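These notes concern the structure reproduced below.
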Amino acid sequence: TKEGDNLLWNVSGSDIYYQGTTNKDLRLDIKIKYYLDDKEIEADDLAGKSGRVKIELEVINKDYNEVDIDGKTRKIYTPFTTAAVVTLPVDKFSSVKTDSGIMLSEGNNNIVSFVAFPGLEESLGLDEIDDIDLDVNLSNKLTIEADVDDFELAPIMITATPKLPDLSELDKVDTVDELADSLKQLKDGSDKLLDGTGQLKD
C-alpha cells in the first residue's frame, strides 16, 4: 500500500521484489555499437548475418560536480564500479579478440568480462598526463572482434554500483608509483564484482 511517499509491504517471508519506473535520467549512459565487415550496423539488422563483427561497449558517467582545484575548474565524478559480461557461443563466434576485457572459455561459450570505473581517470586528472604510464587500464570502452556465422547474441549483462573497493590507500598516495599501485589494487578488487556478475548469470 502507498501512504504518502512511503510504500508499505505486508510480507510473510523476508524477501521483497519490487519493480518501478522513473522519469529521471540514469546516472550512467551505456552505448553499444555493432559493426559488420567494418561497417556500422543496427543490432536488429545484424541478426543472422555472417562475417567479421565488432562490438563496442562504452560506459559514460553523467554524474559529476564541477569544482575549483588550484584555480582550475575540473569535473569530479561520482565513483561507480561497473561490470559487463558478454557471452559468445563458440558455434557462432570464432577468432575472438578483446582489447580491454578478460576472456574465459567454458566449453560452449567464450565469456568476455569487463570492469570500468567511468570518470575515475578524469577525476584524478590522469587524462591530462601524457608522459606517465601507470600500467593500469582505466578505459571505459570495451571492444570485441570475432568472426561470426549466423549472428545471434544473448543479452549483454551490465551491473553498476556506487560502492567502490576500499580506497583508503589513495589517501596516503604521494608519488605516481604509489598511485599506480593503489589503482592496481582497485582493479584487482573489482574481480569480486565480476565473480558476482558471473554468479548472477549462472
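Structural remarks
- If the condition is being touching a strand residue (DSSP E or B) at 6+ places or on another chain (Cβ under 8 Å), open to solvent by 70 Å² or more (accessible area, probe 1.4 Å) and basic (Lys, Arg), then the range 29-78 contributes Lys31, Lys33, Lys49, Lys62, Lys75.
- Pairs meeting the criteria (first residue in the range 43-72 and more than 18 Å from Phe117 (Cα to Cα), second residue of a type in the set (A, V, I, L, M) and open to solvent by 40 Å² or more (accessible area, probe 1.4 Å), beta carbons under 6 Å, at least 6 apart or on different chains) are Val67/Ile76.
- Filtered residues of the range 6-19 (kept if out of contact with any strand residue (DSSP E or B) (no Cβ under 9 Å at 6 or more places or on another chain) and open to solvent by less than 100 Å² (accessible area, probe 1.4 Å)): Asn6, Leu7, Val11, Gly13, Ile16
- Hey, Val86 β-branched (Val, Ile, Thr) and either open to solvent by 100 Å² or more (accessible area, probe 1.4 Å) or under 30 Å from Asp150 (Cβ atoms) (or both) or not: yes
- Selected residue [at pLDDT 90 or above and of a type outside the set (Phe, Trp, Tyr)] from Asp127, Asp150: Asp150
- The residues of the range 18-75 that are over 24 Å from the mean Cα position of the chain (by Cα), among the acidic types (Asp, Glu) and modelled with pLDDT of 90 or more, listed by number, are Asp37, Asp45.
- Unique match (being among the small types (Gly, Ala, Ser), surrounded by 13 or more Cβ atoms within 10 Å (Cβ to Cβ) and more than 20 Å from Lys31 (Cβ to Cβ)) among Ser100, Ser113, Ser123, Ser94: Ser123
The values are calculated or read from the model by the stated rules, or taken from the named source; none is laboratory data. In this text the structure is predicted, and so the values were computed from the model without any measurement. Glycine also receives a Cβ, built like all others from the backbone with ideal geometry; neighbour counts cover every protein chain displayed. In case anyone asks, the SASA skips ligands and DNA or RNA and just uses the protein heavy atoms, side chains included. Shrake-Rupley method; radii C 1.70, N 1.55, O 1.52, S 1.80 Å.
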